[in-house]
1. On the principal axes of its Cα set, how long, how wide and how thick is segment 8-102? Give whole Å, largest value first.
2. Which chymotrypsin sites (Phe, Trp or Tyr not before Pro) in segment 49-127 pass both tests, a DSSP loop state and at most 13 other beta-carbon atoms within 10 Å?
3. Between Q88, Q137, Q42, find the one with the highest GNM mean-square fluctuation for the chain; connect C-alpha pairs within less than 10 Å.
4. So if each residue of separation counts as 0.36 nm, and I subtract the Cα-Cα distance between I156 and W143, what length gain in nm does that give?
5. Suppose only helical runs count, i.e. DSSP H with n ≥ 4. What mean residue ellipticity at 222 nm does that imply for the chain under -39500 (n - 2.57) per run, divided by all residues and rounded to the nearest 500 deg cm²/dmol?
6. How high is the relative contact order of segment 1-92, given as a whole-number percent (alpha carbon pairs under 8 Å, six or more residues apart)?
7. Taking all protein chains as present, what is the carbon and sulfur share of the accessible area of the chain, in % to the nearest whole number, probe 1.4 Å?
8. Run down the lysines and flag those whose C-alpha is under 19 Å from the C-alpha of K130, throwing out any fewer than 8 positions away in its chain.
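The values are calculated or read from the model by the stated rules, or taken from the named source; none is laboratory data. Just so it is clear, the model here is predicted, and its values are computed rather than measured. FYI the Cβ positions are ideal-geometry reconstructions off the backbone, even for glycines, and counts take in every protein chain you see. Ligands, DNA and RNA are stripped out before the accessible areas are found, and what is left, the full protein with its side chains, is counted by its heavy atoms. Shrake-Rupley method; radii C 1.70, N 1.55, O 1.52, S 1.80 Å.
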Amino acid sequence: MNDDRKNTIKDYAIGILIPLAVGGLSALITMSAMESFGELNQPTLSPPAYLFPIVWTILYILMGISSTMVYRYGGEAAKKPLIIYGAQLIVNFFWSIFFFNLNLFFFSFIWLILLWILVLWMIVSFSKIKPAAAYLQFPYLLWLTFAGYLNYMIYILNK
């Protein structure tokens, strides 16, 4: 295997591991709150609990691939988009703590709107460097839209 291919594999492996680690740490921190969450009134369209880690794992992998594309192809222009990426990853991390551990449902909804805006901004900035990187983030934005519905409805149903 030549050095360029090794570097490519290494870059993508690191790129994927970063969001998976952030998501894994978030899941670890919120794990103890899952039982009490199951006792809340749930919205009509709530998916089964087993679906969430599957969807989030896929989304984190897509984030890693996408951010690595921007890193590898963007050069100096990749700085700002990758800062936005990092910011949305941090906001993503704290949402689950606010929502699950602290039960701040309305605050979490507002926080989710911030996350949605950051992800949209990230998509726009990624598209200027590598359109495919932006396209990989559309499922994330759609899932956040659905999560916004779930978050808001949990707030309404559990006042």
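1. Cα spread of segment 8-102 along its principal axes, largest to smallest: 48, 24, 22 Å.
2. Numbers: sites: Y50, W56, Y60, Y71, Y73, Y85, F93, F94, W95, F98, F99, F100, F105, F106, F107, F109, W111, W116, W121, F126; in loops: Y50.
Within segment 49-127, the qualifying chymotrypsin sites (Phe, Trp or Tyr not before Pro) (loop, at most 13 other Cβ atoms within 10 Å) are Y50.
3. Residue with maximal mean-square fluctuation among Q88, Q137, Q42: Q42.
4. Working: separation 13, 0.36 × 13 = 4.68 nm, distance 1.98 nm.
So the chain would gain 2.7 nm between I156 and W143.
5. Working: 7 runs with 123 residues, N = 159.
Result for the chain, helices only: -26000 deg cm²/dmol.
6. Values: 37 pairs, mean separation 40.6, N = 92.
Here the relative contact order equals 44 percent.
7. Numbers: 6410 of 8960 Å².
Answer for the chain is 71 percent, counting heavy atoms of protein chains only.
8. Reachable lysines: K79, K80.
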